[in-house]
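Accompanying notes for the structure given below.
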Amino acid sequence: YLDSLASESSGDDSLQHERAMAYERIGDVLGLPVQPNLGQSAEALASYRKALEIERRLAERDPANGNLRRDMAKIYNRICRVEQNTGKFRESLESCRQAGRIQEQQLRLRPDDVDLRGDLADTYQNMAGAYFSLGDWAHSEEQRSSVLHEFQELHRLQPENQLFLYGLANAYHRMANLE
């Protein structure tokens, strides 16, 4: 159904964005490792890549739209997680880097956006996992240390934010695992 909407919605950016978000949600159900899923990693990756391609085209037409870039980073991060879960650690690392580049660029434009800082810390956490799986302990430790520091700061800024508290607990747990 979503594939068939491509021609119908070609001139409607809002509908195209909705299509991308639908592909992302389908990918989540098919195989996002951090939540219950159907275990269909290859199909999840295909769905995420469709979402990413749509978002990429939309971002090219509207380069000032930071929300599109943020969505692209989120999708790259999901691809990173699935690739990591399927043992494609080098590919996972590259997907994380793509997400990180976008988020770093957006953070330079909006340095006070704490939610974006949290997203970037999550990306670095995923990147650290790829380094860990590749046996690159030094890079993994560097990333994990950076993530731990960032979530400590975010939790200090917003102690009521449950996502930051979870990120902090997760950062401690993963650093302990590395050590």
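The values are calculated or read from the model by the stated rules, or taken from the named source; none is laboratory data. Source: prediction; values computed, not measured. Neighbour counts are summed over all protein chains in view; Cβ atoms, including those assigned to glycine, are modelled from backbone coordinates with ideal geometry. Just the protein is used for accessible areas: all its heavy atoms, side chains included, with ligands, DNA and RNA removed. Shrake-Rupley method; radii C 1.70, N 1.55, O 1.52, S 1.80 Å.
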Considering only the range 27-43, I want to know if a residue exists there that is buried (at least 18 other Cβ atoms within 10 Å of the Cβ), within 29 Å of R108 (Cβ to Cβ) and aliphatic (A, V, I, L, M).
yes
Yes/no for G100 being of a type outside the set (K, R), in contact with an Asp or Glu (Cβ under 9 Å, 6 or more places away or on another chain) and under 26 Å from Y48 (Cα atoms)
no
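Every residue, every condition in (1) over 29 Å from Y166 (Cα atoms); (2) touching a helix residue (DSSP H, G or I) at 6+ places or on another chain (Cβ under 8 Å); (3) surrounded by fewer than 20 Cβ atoms within 10 Å (Cβ to Cβ), yes or no:
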residue	(1), (2), (3)
L2	yes, yes, yes
D13	yes, yes, yes
Q16	yes, yes, yes
S47	no, yes, no
R57	yes, yes, yes
K74	no, yes, no
Q84	no, yes, no
K88	no, no, yes
I102	no, yes, no
In the range 166-178, residue least open to solvent (accessible area, probe 1.4 Å) [restricted to those that are modelled with pLDDT of 95 or more and over 16 Å from D119 (Cβ atoms)]:
M175
List the pairs whose first member sits in the range 117-135 and is farther than 18 Å from Q105 by Cα, whose second member is open to solvent by 20 Å² or more (accessible area, probe 1.4 Å) and polar (S, T, N, Q), and whose Cβ atoms are under 6 Å apart, counting only residues at least 6 apart or on separate chains?
A128/Q143; G129/Q84; A130/Q84
Looking at the range 139-164, which of the residues that are open to solvent by 70 Å² or more (accessible area, probe 1.4 Å), in a helix (DSSP H, G or I) and without any contact (Cβ under 8 Å) to a residue 24 or more places away in the chain is nearest to F89 (Cα to Cα)?
H139
Give the residue that is farthest from K74 (Cα to Cα), with candidates limited to residues of the range 98-138 that are in a helix (DSSP H, G or I) and among the charged types (D, E, K, R).
R108
